[in-house]
Structures are given as structure tokens and as C-alpha cells.
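Contents: one structure, followed by commentary.
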Amino acid sequence: MRAVIWVLIMTMLLAAACRSPAPRSNEVVAVAAGTVPADPSDPIWRNAPEYAAKLLPQDLVDPRLMKASTAEVLVRAVIAGSEIAFRLEWTDPSKSDLPGAGQFIDACAIQIPARIEPDLPDPQMGMPGKPVEIAYWRADWQASVNGREDSIKSLFPNAAIDHYPYDAPPLQPGSPEQQEFAKRYAPADAVGNRREGARPNPVEDLLAEGPGTLSPATRTTSRASGVYGQPGWSVVIVRSLPEGLAPLTRTQVAFAIWEGSLDEVGARKMRSAWIPLAIREAE
Amino acid sequence: MARVYNWQIGREMSYWYPESRPQKQFAAVFDINKCIACQTCTVACKTTWTSGRGQEYMLWNNVESKPYGCYPLAWDLKLLDMLNGQEWTGNRYDGQTIFESAPAGERALGWRPETQDYAYPNVGEDDCSGQVNGGASFSMPHMNWFFYLARICNHCTYPSCLSSCPRSSIYKRPEDGIVLVDQGRCRGYQECVRACPYKKVFFNPMTGTSEKCIACFPKIEQGIQPQCFVNCIGKIRMAGWISKPENARADNPIDYLVHIKKVALPLFPQFGLEPNVYYIPPIHVPTSFTRQLFGPGVDEAIRTYRNAPNDRDLAGLLCLLGSSEMMMPRWKRQGDTVMGLDEKGVELVRVPMNEPVHIRPAFDRLYQVQRTNCP
């Protein structure tokens, strides 16, 4: 019996040792690799040191988050070629990825100064003349990329709908005429600002020069992949390497997490301060 | 916060932005006493603007049966409860507006309805949804009266949807005061839904942005009243332009009803938004209730309205409601005829104050037949 217990203890210790091979770091260090991993479970991540970014409630501009929620986000980073990938992991006991009135979505974002220069922009969305680049990932967008099709029927199974004008004959389903007519009843779609529905990418690139100035980048080049499990979300965001970032230079990075089940959205978020971001060349 | 003047509460108040009134302010008068809740306005709006996916639950225009009806659920009661009891001294509101009572970290006092709060517009409000068994009864605080309250966006002078948006995605048009959500800028934070006390901003789960009544601005731009106005079979509505009280003109129909006769009153002026839809209060409802909805001017408004048979100008102007699809920025009365005019005084419509009545004998002597009424 004593031998069995001994074997069990040894097995547990061995398993624990295998699970967290990378040491903690006091800055975000992006390690070089052959390719950037697109999957949160890729073993390459074990080579990157883990940084625990402490999060604070956004309580500087209204509307504020008055009560702290997500305490920290664990960050690892890898570079390859002209790209840098971040793996964000945070605890979230409730998955929130369904759109609706009064419902909010789990999300995360990475922020980097648009330029490497001694004077940093404000960590809260930059400042006039000192823009920041933001890559913003959302759980419902991830669900869409994974193949979930949200419809009124799927969101509200008991809904009864008589008729949509743009689905009526003689318009052919899916025809350009039908799609154009449908936009009359989806004004955000008509102006290219659809925030829900089918999309190819769960992340969007944004620019900001201070709170309230967030605007889409000319185009989104980042890509991302998020997985929900225990203890919460693991999300990989791959973006272009910040211009000028090299092994002997540093820039800064900041992170934000939104806990949808706590109505966190927009300015109501947990966010980090600026954190140094360095590159370690392949050994 | 800036200090701005809100004439509806008779004092300055705090608001997120400085006072900036439009060149013209869209406004409306609804005569509650004439509304029969046929919901033609609701359907006219629905079929025009909100027939798309994600808009199913949206009623930019709705009509609810007061005192118990509401859409979304308890939209008024919840905020009144949050504001707690507040006082007026004469025409001055001594209590706190939703801007002045904003909790730390918020721009306005508000709450956000849940999906279920939108589930039952008008169901069971004034009709039976099942058979009433013999002897069945219920007891409520207000047992022997009700009225219908038609509601659209108030296109407020101090919109809380606008001030609460951290992205400035909501704007008030300088040319007509219509409040709109910029569909290209909105990111669906729903701060506006939380902050609007009238709950007239709706989140579209299919596009991920918030949407609201646009006062049919493409029609307004052509001098035509909105869909819910021109389709009103009870002719309870008139759209127009309202001046500041000190600039009120007797030949402007909205000014006349609101500022001069003071017969039309704003909905929940104590919230502090200076809403621009004005209601002629129901005359059969205890004023202890309607004072809460329309402020301290209710008793005077009802006296004035009841006196309309002796007030030819007021009676004449009330005949103009629903008489034309055109906006009528000016009006005048000549004898028993009242006319709606455009800005230059050109006549748009002419309405007799007393419809001519012809009584035909039941027997037609010419043809020697009995007349029958048939459609």
C-alpha cells in the first residue's frame, strides 16, 4: 500500500513539473521561433517565459469600472519573421459569447505604441499625437469563425417571425439585389460597420489617440484564435512586428480584459499599465 | 459637467456638454385624450424602419396602456424608484435630474433592460388573454381609469443617450435637433440604452450596434411629417418646431400649445433631458398621477383644455392635428376656419372647425323610396 502511495505522489509531482516548464519573467519577452504559433495549445509556447500582467480597473474616464474583476492575465510572446504572437490566458468562470440586449461579450486586447520613442503615450488608449495600435479579440467573433451561425431563431428559439421584406419574392435568395435590399434594414451593415454575424477573423486592428477615439485601422492584418476551457480563456493574437522593434530595442505593451458576465464593455474593462516588451533571439 | 439651462425644470442643471441648441428643434404635440391605442402608428413605424433581422423587438414607436403598461418592462417605474421622491416648488424642480444623481463612474443615473423586459409589449394590458371565469376579479391601486401613452424618441435638448456614449457616436443635428446614432461609429457598448430614461434606444443583436427613432428625417427634410404622425387615424399628433420660451411665437402651432396656452407638457421633465414630445394630459385621470408624468403644469393644462369650447383659437388649432401630411410651422384662424401655413405664410391646408352636417329624411319623396344607410 505504501508503495502505491509513493508511486502516486511521484506521478503527481512529475506531472506538475511537466506542466509549467517556462519560468516567470519580469517583462514580456518574445522568443524567436521558426513560425509563430497560431494555436494556444502549441508546444512552442513552453519556450516563452510567462509574464503575469496585473490588471487594474479602468477608473480614469467615465464610464468607469468601479469594481475590480479579472486580476491578471498570463502572457507569453513569440516572434518569427515579421510577426509577433501573444498568448493571453486568464481565469473566467463564465463563458459569455452570445450577443443580445443587456448581454456582453468576453474579450481581450493588446496595445502597443504606434512608434518606438522615449516618451510613451498614455497607457489608456494613447493621446493626441501619440497613437497606439490595438488588436481586439472577441469571443462571439471567435464563435462565428468556429462555425456558429447566430440567428434570431438560435438566440431566441421561441421567437415567431412572419416575414422579412427582403426575403420575399421576386428577390432571389443570396442575389446581389436581395443582399442590397437587406442592407436597408441593417444600417450598420450598409455603412460597413457590422459588429455581429459571419466574419472570417475574430480580431480587429484599431488605432487610438486617447479615450473615445478608437477607430478601425485601414485594414486588419492581425489574426487570432481563442479557446475556452479551464480555468478560462486562452487566446493567441498574431500581429505584425512593431516597426523598429529589434533585439536591442524595447517597446511597451499593455493588455485589457473584458468579463462579459459582469457587463464589462468599452471603457468598463480591466487593463494593465505599460509593460516592457523585449525580443530574445533564438539560441 | 457643464451648467446648462433647462426651462422645463425652471433652473440651471448639470450636463455633460455645454448648452448648444440647434437652429431649429424638432418637436411634437400628442393629444392623449384622442388616442385609442389602435397601434397604427406603431405598425407604420415598424414596417418603414424596423423590419430587419435583429430589429424584431424594436418599437421606435409604441403605445402603452397606463398606469400599468410599459415597454420595456417598468421602464418608468424603475428609474422613478432609483430617483426616489423628489419635489417641485411651483414650476421649479428642486430634486435631482438623472445627470445630477449619476453614481460615481457614470454619466447619468440609469439601468439597462434585460432581454426578457422586451418580451411582452401590450400583451394583456387592456384585453383578456383568456376566458374570465365567473366571479374572477382583481384589485389594483388604480381601478377605474386608464389611458394610452404613445411614445417615440423625445429628441431631447439634453439627450442622455448622446452624453453617455464614450465614443460620441450619437449626435444631435444642428439643423433640426434630431438625435441620431452614427451607425458607422457605434461599437454596441449599449451605454445609450442604459442612460436613456425613456428606453428608446435599442441594441440590434444581429448588427451589434444600437438603433433608435430617426424622426423620419428623410421626410422632415422634405417638409413632411413622420410616418407615425401621418398614419395616426385618431389625428392625435402634430410635428413642428419649438422655440425657447422667451422666443415663443403665437403663430407657431407648437409654441402656441406648449408655451402660450401651456396645454401640452413634457414627459417626465424631472429627468432633466428637456424632451421635445409634448402631451396634452388625459383629463379623466387623477392629477396626483399625471403630475408625476408631466410635471406641475397638469392642472392648468387640463383646465385650459376643458375650456377649449370657449377658446376659439385653441379649439381651432386642435382641429389642425392630423389634417395634413405636411409640416405646418405656422397657423392662423379666420372665423370658423383654421389654416396650416408654411414658413412664408403660404396656405398648406384649410380645416373647418365645425364639419358641415347634412340630415336627409329617411323617405326620398322624389323617388318615393326609403333611404337606407349602406356602405
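Remark on B:Ile242: its backbone amide H falls under 5 Å from those of B:Gln25, B:Ala27, a criterion applied only to residues 5 or more positions apart or on other chains, H modelled at 1.01 Å from N.
The mean sequence distance of close C-alpha pairs (under 8 Å, at least 6 residues apart), as a share of the length of region B:213-359, puts its relative contact order at 20 percent. Straight-line cross-link partners of B:Lys46 among the aspartates and glutamates, defined as a Cα under 15 Å from its Cα and at least 8 positions apart when in the same chain: A:Asp162, B:Glu56, B:Glu211. Shown for B:Lys200, B:Lys172, A:Lys153: other C-beta atoms within 10 Å of each C-beta, ranked fewest to most, produce the order A:Lys153, B:Lys172, B:Lys200. Evaluated on chain A, the Kirkwood hydrodynamic radius is 20.8 Å, with distances taken between all distinct Cα atoms. Working note: Debye formula, equal point scatterers on the alpha-carbon atoms of region B:1-131, no solvent; log10 I(q)/I(0) at q = 0.09, 0.22 Å⁻¹ is -0.40, -1.33. Stokes-Einstein diffusion of region A:144-183 at 37 °C, 0.692 mPa s viscosity, Kirkwood radius from Cα pairs, rounded to a whole number: 275 µm²/s. The alpha-carbon of A:Lys95 sits under 25 angstrom from the alpha-carbons of these lysines, leaving out residues fewer than 8 places away in its chain: A:Lys54, A:Lys67, A:Lys153, A:Lys269. Would you mind checking the tilt of helix A:2-19 against the longest principal axis of the Cα atoms of chain A, expressed as 0 to 90 degrees and rounded to 10? Rounded to the nearest ten degrees, it is 60. Counting beta carbons within 10 Å around each of B:Asp81, A:Asp122, B:Asp255 and listing the fewest first gives the order B:Asp81, A:Asp122, B:Asp255.
Computed 3J(HN,Hα) for region B:264-279, one whole-Hz value per residue from the Karplus formula 6.51 cos²θ - 1.76 cosθ + 1.60 where θ = phi - 60°, is 10, 10, x, 8, 6, x, 5, 5, x, 8, 6, x, 10, 9, 10, 10, glycine and proline marked x.
Rounded to whole numbers, the Karplus 3J(HN,Hα) couplings from phi for region A:132-141 are 10, 9, 10, 10, 10, 10, 10, 5, 6, 5 Hz, using 6.51 cos²θ - 1.76 cosθ + 1.60 with θ = phi - 60°, and x at Gly and Pro. Look at the stretch A:56-69: the mean tally of other chain Cβ atoms within 10 Å of its residues' Cβ atoms is 3. Averaging the Cα positions of each part gives two centres, and for region A:68-90 and region A:180-241 these lie 18 Å apart.
By the Kirkwood approach, averaging reciprocal distances over each pair of separate Cα atoms, chain B gets a hydrodynamic radius of 22.0 Å. Computed per residue of the protein assembly as shown from DSSP H runs no shorter than four, each worth -39500 (n - 2.57), the mean residue ellipticity at 222 nm is -4000 deg cm²/dmol.
Using the Karplus relation 6.51 cos²θ - 1.76 cosθ + 1.60 with θ = phi - 60°, the per-residue 3J(HN,Hα) values for region A:195-203 come to 9, 10, x, 4, 8, x, 9, x, 10 Hz, with x marking Gly and Pro. Counting beta carbons within 10 Å around each of B:Thr42, B:Thr47, A:Thr220 and listing the fewest first gives the order B:Thr47, A:Thr220, B:Thr42.
Spatial offset of region B:5-68 relative to region B:295-342 amounts to 21 Å, using the alpha carbon center of each.
Beyond 14 Å, what share of the Cα-Cα pairs of region B:57-106 is found? Please give it as a whole percent. Beyond 14 Å sits 65 percent of the P(r) for region B:57-106.
Inverting the pair-averaged 1/r between distinct Cα atoms of the protein assembly as shown gives 28.3 Å as its Kirkwood hydrodynamic radius. For A:Ala217, nonlocal amide neighbours, meaning residues 5 or more places apart or on other chains whose placed amide H falls under 5 Å from its own, are A:Asp205, A:Leu206, A:Leu207.
Look at the stretch A:99-110: the mean tally of other chain Cβ atoms within 10 Å of its residues' Cβ atoms is 5.
For B:Met326, the residues whose amide H sits under 5 Å from its own are B:Gln225, ignoring neighbours fewer than 5 places away on the same chain, with H placed 1.01 Å from N.
If I take every Cα pair under 8 Å that is 6 or more residues apart in region A:93-231, average their sequence separation and divide by the length, what percent do I get for the relative contact order? Dividing the mean separation by the residue count of region A:93-231 yields 30 percent.
Using C-alpha pairs below 8 Å separated by at least 6 residues, the relative contact order for chain B is 20 percent. Rg and Dmax of region B:76-213, based on Cα coordinates, read 18.5, 59 Å.
Which pairs in the list B:Lys34/B:Lys332; B:Lys24/B:Lys78; B:Lys172/B:Lys219 are over 29 Å apart, alpha-carbon to alpha-carbon?
B:Lys24/B:Lys78
Since every read-out is calculated from the coordinates, none of them should be taken as a lab result. Everything quoted here is computed from the prediction, not taken from an experiment. Every residue, glycine as well, gets a Cβ built from its backbone with ideal geometry; the counts of neighbours run over all protein chains shown.
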